[in-house]
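Asks: Submitted below is the structure of interest, expressed as structure tokens.
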Amino acid sequence: MATFDAQTVGSDVAPSYAPTLSIENNVITVSLGDGYQQRLSKGVNPSRRTFTLSFKNRSTTVTTNILNFLASSTGGNNGAKSFTWSPPFGSTGKWICQNPQVTIVAHNLNDIELVFQEVFEP
């Protein structure tokens, strides 16, 4: 399994700072009489993290390296395959990235936005 890091991608992969973290908790809630509730975490991994990462003002070479990693059969395989990544807070996990977005700002200057979704696999 490939790792999304500078060594594997071949470029600086530190995001511009303003990453957004969303945590989706899988909780079953049962409403009982008189306003009481009972809650239960569903599954072995009841919380899933999603990071939105911006890579601002990256050269065409860096942009190409990141996109090639995400598309390669040894990397993300266009979202069909997970890769290892260490997020800004939290522990290293398995992630997918399905729909990268690139904005061409100027000649040899690009902004990339990636959404990394945590996945749980054996």
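Asks: Pick from Pro46, Pro15, Pro100: which residue has the top mean-square fluctuation in a GNM of the chain where Cα pairs under 10 Å get a spring?
Replies: Among Pro46, Pro15, Pro100, the largest mean-square fluctuation in the Gaussian network model of the chain belongs to Pro46.
Asks: I would also like to ask the following. Count charges around Cys97 for me, please; just the other residues with Cβ under 12 Å from its Cβ, Lys/Arg as +1, Asp/Glu as -1.
Replies: Net charge around Cys97: 0.
Asks: Carbon and sulfur atoms: what percent of the 1.4 Å accessible area of the chain do they account for?
Replies: With neighbouring chains kept in place, the figure for the chain is 49 percent.
Asks: Moving to a separate point now. Using the alpha carbon gyration tensor of the stretch 14-64, what are the three equivalent-ellipsoid semi-axes (square root of 5 times each eigenvalue), largest first, in whole Å?
Replies: Semi-axes, largest first: 41, 11, 6 Å.
Asks: Okay, moving on. Taking amide hydrogens as modeled 1.01 Å from N in the peptide plane, which residues meet the under 5 Å criterion relative to Gln98, leaving out close sequence neighbours?
Replies: When sequence neighbours closer than 5 places are left aside, the close amide H contacts are Val115.
Asks: Mind listing the phi-derived Karplus ³J(HN,Hα) values for the stretch 102-118, rounded to whole Hz, using 6.51, -1.76 and 1.60 with θ = phi - 60°, and x for any glycine or proline?
Replies: Values, residue by residue: 10, 10, 7, 7, 7, 4, 6, 9, 10, 10, 10, 10, 10, 10, 9, 10, 6 Hz.
Asks: Let's see if you can work this out: charge +1 on each Lys and Arg Cβ, -1 on each Asp and Glu Cβ, no other charges. What is the dipole magnitude of the chain about its Cα centre, in debye to the nearest 20?
Replies: Its charge dipole is roughly 120 debye.
Asks: Related question: Ignoring ligands and nucleic acids, what accessible area does Val115 show with a 1.4 Å probe (Å², nearest 10)?
Replies: 60 Å²
Asks: Further, regarding this structure: Among all stretches of the chain without exposed chymotrypsin sites (Phe, Trp or Tyr not before Pro) (DSSP loop, at most 10 other Cβ atoms within 10 Å), which one is longest?
Replies: Excluding the exposed sites themselves, the longest stretch runs over 37-88.
Asks: To continue, here is another question. Out of Gly35, Gly76, Gly93, any idea which swings most in a Gaussian network model of the chain, alpha carbons joined below 10 Å?
Replies: Result: Gly35 has the largest fluctuation of those listed.
Asks: Of Ile104, Ile112, Ile96, which has the largest mean-square fluctuation in a 10 Å C-alpha GNM of the chain?
Replies: The residue that fluctuates most here is Ile104.
Asks: Specify the angular offset, from 0 to 90 degrees and rounded to the nearest 10, of the alpha carbon long axis of helix 60-71 from the longest principal axis of the alpha carbons in the chain.
Replies: On a 0 to 90 degree scale, this one is about 50.
Asks: Determine the calculated [θ] at 222 nm for the chain from helices alone, applying -39500 (n - 2.57) to every DSSP H run no shorter than 4 residues and normalising by the residue count; nearest 500 deg cm²/dmol.
Replies: The per-residue figure over the chain is -3500 deg cm²/dmol.
Asks: If you count only protein heavy atoms with a 1.4 Å probe, what accessible area per residue comes out for the chain, rounded to a whole Å²?
Replies: Computed with neighbouring chains in place, this is 61 Å² per residue.
Asks: Can I ask one more? Scattering from the C-alpha atoms of the stretch 1-85 alone, worked out with Debye: what is log10 I(q)/I(0) at q = 0.21 1/Å?
Replies: -1.05
Asks: Then there is this: What whole number of Å gives the distance from the Cα centroid of the stretch 13-31 to the Cα centroid of the stretch 73-105?
Replies: Centre-to-centre distance over Cα atoms comes out at 15 Å.
Asks: State log₁₀ I(q)/I(0) for the stretch 35-121 at q = 0.10, 0.25 Å⁻¹ as given by the Debye formula over alpha-carbon point scatterers of equal weight, solvent excluded.
Replies: -0.33, -1.26
The values are calculated or read from the model by the stated rules, or taken from the named source; none is laboratory data. These figures come from a predicted structure and were not determined experimentally. Because the Cβ atoms are built from the backbone with ideal geometry, glycine has one as well, and the counts that use them run over all protein chains shown. All accessible areas refer to the heavy atoms of the entire protein, side chains included, with ligands and DNA or RNA removed. Shrake-Rupley method; radii C 1.70, N 1.55, O 1.52, S 1.80 Å.
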